[in-house]
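Read the figures in this text as sums done on the coordinates, not as results from a lab. Predicted model only: the values in this text are computed from it and were never measured. Note that we place each Cβ from the backbone using ideal geometry, even for glycine, and neighbour counts take in every protein chain shown.
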Amino acid sequence: MIAENLDKVRKRIADACIRCGRNREDVLLVAVSKTFGVEEVREAFGSGQPDFGENYVQELQTKRERLSHVGIRWHFIGHLQSNKVKYIVPYVHLIHSVDNEHLALEIQKQAERRNQVVNVLIEVHTTDEATKYGIPPPQAVNLAKKISGLHNIRLQGLMTMGPFSDDPNDSRPSFRQIVDLKKQIEREGIDGVTLHHLSMGMTHDFEVAIEEGSTIVRIGTAIFGKRTKGESSQREGMS
Ligand SMILES: *Cc1c(COP(=O)(O)O)cnc(C)c1O
């Protein structure tokens, strides 16, 4: 089931790339495994899926401990509390959700302590929805500057979530804002900062995201099915 779903998602990504003249290799698929178990992750990994996204530190820790022998790349995509940073820094591949300087400083501290460099994205809030996660676009440039001065953090790009809607086209304005913001940050010519990645697009809007320039799509439902256990997405976790 998971293997078939993965094939379908890969095909849809490839088709979207063809439609807009992009290289398939330029779009990374992150399988969002939150609320699903070790067996599901194992099955997806066995079907050739190396990148997984998780929202909760505790849940990620449990899966990581039980799957430590396989070459999974773990992405942290949820709201990250500073006091949990130390648990994921040793192995996390990319943190998608840095949205304030305090958090960046804690990542720097933990990474420096271990003599490591941690890859991060800045999460930007691009919708009208009332959420406390993501930095507003006008403040993102400044955060990028601050992060560029932290030697154990490498800023790799930006992340956002489109609005909650049935129509994937409703996500376009969010995605375009992120593309503009990327250009703006690059125009500032911040030392050492090259924004390679735009993490945008989920099950309902990933094709639109690819059309708008996404380089990382974060897909859960289309791969693992509907989540029935306690929800932990950034949006769903808010109510
Ligand atoms: C849950 C979640 C996803 C995946 O959502 P689906 O709609 O299941 O594809 C992607 N990004 C974030 C930040 C999430 O919390």
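Structural remarks
- Subset tally (residues that are under 18 Å from the mean Cα position of the chain (by Cα), outside any loop (DSSP other than H, G, I, E, B) and away from the ligand (no atom under 15 Å from the Cβ)) for the stretch 102-144: 9
- Any hit, the stretch 181-194, residues being more than 16 Å from the ligand (Cβ to nearest atom), at positive phi and either of a type in the set (Phe, Trp, Tyr) or surrounded by fewer than 22 Cβ atoms within 10 Å (Cβ to Cβ) (or both): yes
- Cβ-Cβ under 6 Å pairs, at least 6 apart or on other chains, the stretch 113-131 side closer than 23 Å to Pro163 by Cα and touching a residue at least 40 places away in the same chain (Cβ under 8 Å), far side in a loop (DSSP other than H, G, I, E, B) and not hydrophobic (A, V, I, L, M, F, W, C): Val124/Gly134; Val124/Thr160; Thr126/Thr160; Thr127/Pro163
- Residues in the stretch 30-45 that are in contact (Cβ under 8 Å) with a residue 40 or more places away in the chain and either in a helix (DSSP H, G or I) or not aliphatic (A, V, I, L, M) (or both): 7 in all.
- Hey, Pro138 touching a Ser or Thr at 6+ places or on another chain (Cβ under 8 Å) and either closer than 19 Å to His102 by Cβ or not basic (Lys, Arg) (or both) or not: no
- Under the condition of being in contact (Cβ under 8 Å) with a residue 24 or more places away in the chain and either farther than 12 Å from Lys34 by Cα or touching a Pro at 6+ places or on another chain (Cβ under 9 Å) (or both), the residues counted in the stretch 62-92 number 17.
- When Arg176 is tested against the conditions (1) surrounded by 14 or more Cβ atoms within 10 Å (Cβ to Cβ); (2) within 26 Å of Asp26 (Cα to Cα); (3) of a type in the set (Lys, Arg), the lone failure is (1).
- Answer residue from the stretch 77-101, given it is within 16 Å of the ligand (Cβ to nearest atom) and in a loop (DSSP other than H, G, I, E, B) and is surrounded by the fewest Cβ atoms within 10 Å (Cβ to Cβ) among those: Gln81
- Of all residues in the stretch 10-29, those that are farther than 22 Å from Phe45 by Cα have Cβ atoms under 7 Å from Cβ atoms of residues that are of a type in the set (A, V, I, L, M) and not in a loop (DSSP other than H, G, I, E, B), 6 or more apart or on another chain, in Ala16/Ile210; Cys17/Ile210; Cys20/Ile210; Arg22/Ile210.
- Within the stretch 5-49, being buried (at least 20 other Cβ atoms within 10 Å of the Cβ) and either small (Gly, Ala, Ser) or in contact with a His (Cβ under 9 Å, 6 or more places away or on another chain) (or both) holds for Ala16, Val30, Ala31, Val32, Ser33, Ala44.
- Considering the conditions (1) surrounded by fewer than 14 Cβ atoms within 10 Å (Cβ to Cβ); (2) free of Cβ contacts under 8 Å to residues at least 60 places away in the same chain, Gly225 is excluded by exactly one of them, (2).
- Taking residues in the stretch 49-60 that are closer than 10 Å to Lys84 by Cβ and away from the ligand (no atom under 12 Å from the Cβ), and partners anywhere that are assigned to a strand (DSSP E or B) and hydrophobic (A, V, I, L, M, F, W, C), the pairs with Cβ atoms closer than 8 Å and at least 6 places apart or on different chains are Val57/Phe76; Leu60/Trp74; Leu60/Phe76.
- Residue that is surrounded by the fewest Cβ atoms within 10 Å (Cβ to Cβ) [pool: residues in the stretch 132-173 that are of a type in the set (Val, Ile, Thr) and more than 21 Å from Val27 (Cβ to Cβ)]: Val141
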